[in-house]
Amino acid sequence: MADSGRDAGVREETSANRVLVVTTDERLRAELADAFPADYEVDMVLDARGALGYLETHRPAVLVVDIQTGSSGGYGLLKDIQQDSRIAAVPAVMVLERSQDKWLAKQAGAELILTKPVSAERVVADALSLVAA
């Protein structure tokens, strides 16, 4: 069995009511912070590096990944997640700048794909549909 390289003492926190939003888009961050139901914890990071660090100790119910994620970008993040058996099952909504990139998002592992401009309500509804599935 391959070693995951993770400290065995690290506690993973799983929550059915936790969402991780990965974006540098300040407007989207602000809108999504208040758009999820009150019983959901919405955690936010700016980039792929921050998301992967977060996922070392947390298991959100769903990811919302904006193509604008700084460092390696949303596509790279989802590809990295798909390669890690501990987190590959976490569903993801990807928010794109251009509809032409939908096939890339699907290849990266996004279950649902939205194109900007998109309302926070739509992002939340789609994210919650993945949680319910």
remark   = Condition set touching a strand residue (DSSP E or B) at 6+ places or on another chain (Cβ under 6 Å) and of a type outside the set (A, V, I, L, M), scope segment 18-39, selection modelled with the lowest pLDDT: answer is D25
key: Residue within segment 112-124 that is within 15 Å of V19 (Cβ to Cβ) and acidic (D, E) present   = yes
Residue among G53, G73 that is crowded, with 17+ Cβ neighbours inside 10 Å and of a type outside the set (A, V, I, L, M) = G73
Matching residues in segment 84-130 - criterion: being part of a strand (DSSP E or B) and free of Cβ contacts under 8 Å to residues at least 40 places away in the same chain = A92, V93, M94, L96, L112, I113, L114, T115
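Can you tell me which residue among A89, A108, A132, A48 is surrounded by 17 or more Cβ atoms within 10 Å (Cβ to Cβ), hydrophobic (A, V, I, L, M, F, W, C) and farther than 16 Å from V21 by Cβ? Steps first, answer last, please.
Numbers: A89 fails: surrounded by 17 or more Cβ atoms within 10 Å (Cβ to Cβ); A132 fails: surrounded by 17 or more Cβ atoms within 10 Å (Cβ to Cβ); A48 fails: farther than 16 Å from V21 by Cβ.
Sole residue among the options that is surrounded by 17 or more Cβ atoms within 10 Å (Cβ to Cβ), hydrophobic (A, V, I, L, M, F, W, C) and farther than 16 Å from V21 by Cβ: A108.
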key: Hits in segment 100-109 - residues which are closer than 19 Å to D25 by Cα and under 15 Å from the mean Cα position of the chain (by Cα)   = A105
query = Given L114, L77, L96, L130, which one is out of contact with any helix residue (DSSP H, G or I) (no Cβ under 8 Å at 6 or more places or on another chain), within 22 Å of V42 (Cα to Cα) and modelled with pLDDT of 90 or more?
reply = L130
key: Output for segment 92-105, where each listed residue is of a type in the set (A, V, I, L, M) and either open to solvent by less than 30 Å² (accessible area, probe 1.4 Å) or on the phi > 0 side of the Ramachandran plot (or both)   = A92, V93, M94, V95, L96, A105
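The values are calculated or read from the model by the stated rules, or taken from the named source; none is laboratory data. Just so you know, these numbers come straight off a predicted model, no measurement behind them. Ideal geometry is used to build each Cβ from the backbone, glycine not excepted, and the neighbour counts take in all protein chains shown. Heavy atoms of the whole protein, side chains included, go into the accessibility calculation; ligands, DNA and RNA do not. Shrake-Rupley method; radii C 1.70, N 1.55, O 1.52, S 1.80 Å.
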